[in-house]
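The values are calculated or read from the model by the stated rules, or taken from the named source; none is laboratory data. Everything quoted here is computed from the prediction, not taken from an experiment. Every residue, glycine among them, receives a Cβ derived from its backbone with ideal geometry; neighbour counts consider all protein chains shown. When the accessible area is computed, the model is the full protein with side chains, heavy atoms only, and any ligands, DNA or RNA have been set aside. Shrake-Rupley method; radii C 1.70, N 1.55, O 1.52, S 1.80 Å.
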Amino acid sequence: MAETAHGKRVLGVITARGGSKGLPRKNILRLAGKPLVAYTIEAALGASLLDRVVVSTDDDEIARVSRQYGADVPFLRPQDLAQDETPIYPGLIHAVQWLEERQNWHADYILLLQPTSPLRKSTDIDGAIRLALERDADGVVSLSEVKQHPYQMKRLTEDGCILQFVPLPKAIDRRQELPRVYAVNGAIYLVKRSILLEKQTFYTERTFAYLMPADRSLDIDSRWDFYLTELVLRDGRERSSG
């Protein structure tokens, strides 16, 4: 296997199931004029440090749409790996092993890209890969700073009284005093092939955070998320054209 310019091969896998209970057919719903999956395909194809990008889907229509936007769809994912309750790791491993066994194509890192994060950019993908290569990381996962801090969250007793959800270590009067807290935003999951196959996780003691701003971290899980993301995209186009 010929090594790439940066010494490691990186495979991008865009996972796009046909089924979705929360938002039916969401991966090919039109978002600001394009199918949702198209945004992730375009970002992946525009990344300079990705050596190959494939779409893993169980759905013929999603495969057809993906190919229209330039994606490689070399197989259809088996139905038993495309159910609502199916973990993400078996589907990724299927893609890795299919390419190795059928095409003799091997990768050092596997990058999971979910279509539900259409605002991520090619520069985010390259930034995460670059971080992994520089640190020899087991993995890199994208995070963004949370707006609603855990110390500000509450829980209720059975009779409706308000209690602190997370006990405060000290009295905090101003938001500026709160420690920074981050949440996984779902845009980027990068992992070494060996870790994926042996441990089926993205997280080890050598997993690093790639930080993304809130305006590129929207994750579409509902019609409301879809609506908000469309507003962001249309506003961005209006600003760039104006």
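Structure data summary
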| quantity | calculated |
| --- | --- |
| DSSP-loop GluC sites (Glu not before Pro) across segment 71-134, with at most 15 other Cβ within 10 angstrom | Glu85 |
| Vicinal HN-Hα couplings computed from phi for segment 40-55 (Karplus, 6.51 cos²θ - 1.76 cosθ + 1.60; Hz; Gly/Pro x) | 6, 4, 5, 5, 5, 5, x, 7, 7, 9, 8, 8, 7, 10, 10, 9 |
| Three-way shape call for the chain based on the alpha-carbon gyration tensor, with the a/c threshold at 1.5 | prolate |
| Dipole of the chain, positive direction: furthest Cα of Val13, Ile162, Ala63, with charges on the beta-carbon | Ile162 |
| Computed label-point distance, nm, for sites Asp221 and Phe75 using a 7 Å Cα→Cβ extension | 2.9 |
| Solvent-free Debye scattering, log10 I(q)/I(0), computed from the Cα coordinates of segment 173-239 at q = 0.16, 0.24 Å⁻¹ | -0.81, -1.04 |
| Reference-scaled alpha-carbon Rg (2.2 N^0.38 Å with N residues) for segment 79-128 | 1.36 |
| Helix-only CD estimate at 222 nm, as mean residue ellipticity for the chain, using -39500 (n - 2.57) per DSSP H run (n ≥ 4) | -9500 deg cm²/dmol |
| Prolate/oblate/rounded label for segment 109-242 (Cα gyration tensor, a/c 1.5) | oblate |
| Under 5 Å, built H, 5+ apart or other chain: amide partners of Ile14 | Val54, Val55, Ser56, Leu113 |
| Those trypsin sites (Lys or Arg not before Pro) in segment 1-94 that DSSP places in a loop and that have at most 13 other beta carbons within 10 Å | Lys21 |
| Percent RCO, i.e. relative contact order, over the chain, from Cα pairs under 8 Å lying at least 6 residues apart | 23 |
| The chain: angle of helix 122-135 to the longest principal axis, Cα-based, in degrees nearest 10 | 90 |
| Cα-based Rg of segment 10-140 normalised by 2.2 N^0.38 Å, two decimals | 1.01 |
| Accessible area in square angstrom per residue, segment 83-242, 1.4 angstrom probe | 60 |
| FRET efficiency, Gln97 to Val166 (Cβ-Cβ, R0 45 Å, nearest 0.05) | 0.60 |
| Amide hydrogen neighbours beyond the local backbone of Leu211, cut-off 5 Å, H modeled | Leu143 |
| Gain in span if fully extended, Lys121 to Glu198, counting 0.36 nm per residue against the direct Cα distance | 24.7 nm |
| Within the accessible area of the chain (1.4 Å probe), percent carbon and sulfur | 49 |
| Probe 1.4 Å, all protein chains present, accessible-area order of Phe165, Phe208, largest first | Phe165, Phe208 |
| Segment 11-82 shape via C-alpha gyration tensor axes, a/c threshold 1.5 | oblate |
| Stretchable slack from Ala214 to Asp84, in nm (0.36 nm times residue separation minus alpha-carbon distance) | 44.1 nm |
